[in-house]
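What follows is a short report on a single structure.
The values are calculated or read from the model by the stated rules, or taken from the named source; none is laboratory data. For clarity, every value in this text was computed on a predicted model and none was experimentally measured. Heads up, the Cβs are rebuilt from the backbone with ideal geometry, glycines too, and the neighbour counts pull from every protein chain shown. These area figures cover heavy atoms from the full protein model, side chains too; ligands, DNA and RNA do not enter into them. Shrake-Rupley method; radii C 1.70, N 1.55, O 1.52, S 1.80 Å.
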Amino acid sequence: MDLKTNRSAYLSPPHDGRQPTGEELPLTRHSRHHGPNKPRYTPQQHLPTLPTTLRLIRDHLRLSRVTAHARHGISPSYLSQIERGERTPSIETLEMIIAGYKLTPVLARHLWDLRTPAQDLPAVENLRQCVNENVGLMAYLHDLEVRGVLAAYVDPMWNVLACNGLFWSLTPDLNETKCIPAWLFSPIARTVLLQWRSEAAYSVATIKGALARYRGSEQAHALIRRLHSDKDFQELWSGTIDVAYGRDTNHLLHARNPATEELGSYRLCVADVTQNQHVQLITAIRTRYSGPKFSQPH
């Protein structure tokens, strides 16, 4: 694996028209009647697929298959086959659906990722070994710590492959799971992150994006097994169709240092380290605190 450090911004990969693979996402089916008060599908915390994601988007827009036809021109019967996984939409058909639903570029990318075969992802232990044995990458972590920058190498599911001491210091108990999403839904994270709900929602949206691309990987299955029983995760997963790729550097993270109780704001950046995007670098640069107002301990 080529582990050349790439400090450029996160770039969206091109999509193609290959056929999808992956597991079906179980849904709780409600009434077949469509109307403003019709109950929504309730997505379970399993791996997403193109058919069920299209169904969830249409339900979120509160469209019947008939009213959806008026938007994108896909017949109700054909749309039903697509949403049940009986037919795979062509590139042209998926483009019509995206345009008809007026989806954001991020949601459109998510659908294209789901239409494309799941990408391979090396086992987390293999990635961890590759990173820790790379002298240049580990030296860079140390250099960032000297400069006061929190830094960690992660895989696409945000399993920690290696990190510097500053990163560990702000995330107590992370060394037990070495999985940032799992840590984020732990009790300690709620005391560290001052806007926990917002950060948790962003994490879930990011997880959905990663799961689409690597839905066949052991990391994807392990992450869902780890989080699916958490009530807050369930609520955030089923409450929105939001998906995220990368993070706006102007969206600061506000945290309380668990050792000193000092408040800090951090500018996060996520960058690919490898061309295949199997290893990413998270950096957090501390800035002047600008988060919620709290009284500082004396």
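Worth pointing out:
- Summing charges over all other residues whose Cβ lies under 15 Å from the Cβ of R226, with Lys and Arg as +1 and Asp and Glu as -1, gives -3.
- Two-site FRET efficiency, T240 against I91, from Cβ-Cβ distance with R₀ of 30 Å, rounded to 0.05: 0.65
- For H228, the accessible surface of its heavy atoms amounts to roughly 80 Å² (probe 1.4 Å, protein chains only, rounded to the nearest 10).
- Förster radius 25 Å - calculated FRET efficiency between T104 and A70 (Cβ-Cβ, nearest 0.05): 0.75
- Only Cα pairs under 8 Å and 6+ residues apart enter the sum, and on that basis the relative contact order of the stretch 47-112 stands at 35 percent.
- Normalised by the number of residues in the stretch 231-277, the average gap of Cα pairs under 8 Å and 6 or more apart makes the relative contact order 30 percent.
- Pairwise label distance in nanometres, T191 with H221, each label 7 Å out on the Cα-Cβ vector: 3.6
- The accessible surface of the stretch 171-252, taken with every protein chain in place and a 1.4 Å probe, is 50 percent carbon and sulfur.
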